[in-house]
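Student: Okay, handing you the structure first.
What follows is calculated from the coordinates using simple rules that are stated; it is not laboratory data. Note that the structure is a prediction, hence the values are computed from the model and not measured. Here the Cβ positions follow ideal geometry from the backbone for every residue, glycine too, while neighbour counts run over all protein chains shown.
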Amino acid sequence: MNKPFSSLNRDDLRVYEEFLASPVPTKQWCGPRRPRHSDEWRPFLGPLSESSRHQALVVIGAAFGYLSDAGYLLGNPVKLLRRKRAKSSNKNTVERFLEQELWLYVWNFIEDLPEKSLREREHKARIRFLFHLLYLLGPRVSEVANLQMSDFRESRGKWWCYILGKGNKRDKVPVNESMLSALIDYRQFLDLSGLPASDENTPVLRSLKGSQSISSNMIYRIVKKIFNQTADSLETEKPDYAFKLRKASTHWMRHTAMTHLADRGIDLHHIRQTARHNDINTTSRYLHADEEHWHFALAQHQIEKK
């Protein structure tokens with residue numbers, strides 16, 4: 001390329017990233033691990049992984065940033081490369097979610113959980129409430145773990161949940177009748193009053209052995225267990241669904257919640273508020289209607305049979 005730093009632009013960096021993915025000629029750039037003074041030394045063992053390419057651009061970006069701050073360069077082309085990549089990635093729809101039918105299988109499995117013993121009833125009550133939270137409010141697992149009873153508050157005759165999210169920022173999400181009813185049922189099961197008081201700073205989800213909160217890891221494991229058990233029940237009837245559920249994690253419930261809102265035609269602005277996204281482009285990844293129309297449009301494009 002033989003360009004000075006001051007002449008490098010975003011396209012040059014894109015070419016460099018492609019080179020890192022496939023350093024050619026291979027004999028010139030790739031070889032076994034050797035000391036730097038060896039004639040057999042080469043800068044690469046082979047093509048760099050995606051994470052390694054990303055790290056290389058982070059380092060280069062830091063160098064450009066220093067030269068820009070020092071006044072040697074007018075700007076940092078790595079930032080332009082990242083901005084363009086971010087915008088293009090936001091065009092990809094979210095795939096890690098449960099379809100309506102699959103979600104109903106999961107919910108019906110939860111509803112059919114045994115409740116003969118007190119332990120089973122406690123277990124089921126907590127799981128029902130947890131999945132109400134995940135599906136109707138769409139929080140991240142860490143946000144669920146930190147949720148307090150006093151985070152459910154009434155304002156002007158309507159109930160809201162004030163969620164402490166990224167950047168230690170607290171935003172409110174509407175609590176609809178279904179969520180409010182689930183909250184009341186769960187609290188009554190715990191022998192609490194129907195609705196929380198404003199100073200009730202106790203954890204929403206707690207250990208079955210007491211009033212202590214449960215960790216994000218525990219919530220993750222509870223959800224994974226339900227997914228795996230539902231998958232076991234679907235293995236014969238719906239093997240594709242079983243396979244998908246075994247890959248699913250707690251964060252899939254957040255994607256599921258937002259995707260189903262989009263499927264119901266809820267305004268994208270309201271979905272963004274519920275997901276608490278800063279950028280509406282992030283929220284737009286939950287829109288699958290265009291994919292449906294695209295698939296329908298090509299339905300008649302077939303090979304004619306004789």
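Student: With a cap of 16 neighbouring Cβ atoms within 10 Å, and only residues DSSP puts in a loop, list the trypsin sites (Lys or Arg not before Pro) found in region 1-75. It would help to have the intermediate numbers written out before the result.
Tutor: Values: sites: R10, R14, K27, R33, R36, R53; in loops: R33, R36.
The qualifying sites are R33, R36.
Student: Ok, one more. So if I take the centroid of the Cα atoms in region 211-245 and the same for region 109-162, what is the distance between those two points in Å?
Tutor: For region 211-245 versus region 109-162, the Cα centre distance is 16 Å.
Student: For the chain, find the longest principal axis of its Cα atoms and tell me its angle to the long axis of helix 77-89, 0 to 90°, nearest 10.
Tutor: 40
Student: Can you compute the FRET efficiency between K27 and R264 using 1/(1 + (r/R0)^6), with r the Cβ-Cβ distance and R0 = 45 Å? Round to the nearest 0.05.
Tutor: For R0 = 45 Å, the calculated efficiency reads 0.20.
Student: Counting just the Cα atoms, what span does region 1-45 cover along each of its three principal axes? Round to the nearest Å and put the largest first.
Tutor: 33, 20, 13
Student: Go from 0 up to the bin containing the longest alpha carbon distance in region 5-89, width 5 Å each, and give me the % of pairs per bin.
Tutor: Going out from 0 Å in 5 Å bins, region 5-89 shows 3, 14, 19, 20, 17, 14, 9, 4, 0 percent.
Student: Right, next: If one takes the longest principal axis of the Cα atoms in the chain, at what angle in degrees, from 0 to 90 and to the nearest 10, does the Cα axis of helix 10-21 lie?
Tutor: For 10-21 against the chain, the angle is about 80 degrees.
Student: If you don't mind, another one. Enumerate by residue number the chymotrypsin sites (Phe, Trp or Tyr not before Pro) in region 232-282 meeting two conditions: DSSP loop (anything except H, G, I, E, B), and at most 15 other Cβ atoms within 10 Å of the site's Cβ.
Tutor: On the way: sites: Y241, F243, W252; in loops: none.
Listed in order of number, the matching sites amount to none.
Student: Under the classification rounded if a/c is under 1.5, otherwise prolate if a/b is larger than b/c and oblate if not, where does region 100-293 fall, given a ≥ b ≥ c as square roots of the Cα gyration tensor eigenvalues?
Tutor: Verdict is oblate for region 100-293.
Student: Then there is this: Report the label-to-label distance for R156 and S216 in nanometres (one decimal), using points 7 Å from each Cα along the Cα→Cβ vector.
Tutor: Inter-label distance under the simple model: 3.3 nm.
Student: Calculate the FRET efficiency for S7 and E40 from the Cβ-Cβ distance with a Förster distance of 41 Å, rounded to the nearest 0.05. Could the numbers behind the result be given before it?
Tutor: Details: r = 33 Å, r/R0 = 0.81.
Computed FRET efficiency for S7 and E40 comes out at 0.80.
Student: Moving on to the next point. Between S207 and I184, what FRET efficiency follows from the Cβ-Cβ distance if R0 is 22 Å, with the result rounded to 0.05?
Tutor: The computed FRET efficiency comes out at 0.55.
Student: On to the next question. Among the trypsin sites (Lys or Arg not before Pro) in region 144-221, which ones are in a DSSP loop with at most 11 other Cβ atoms within 10 Å of the Cβ? Mind listing them?
Tutor: Here the trypsin sites (Lys or Arg not before Pro) that fit, given the DSSP loop and packing criteria, are R156, K169, K209.
Student: Using only Cα atoms, tell me the angle between helix 50-69 and the longest principal axis of the chain; keep it within 0 to 90° and round to the nearest 10.
Tutor: 70
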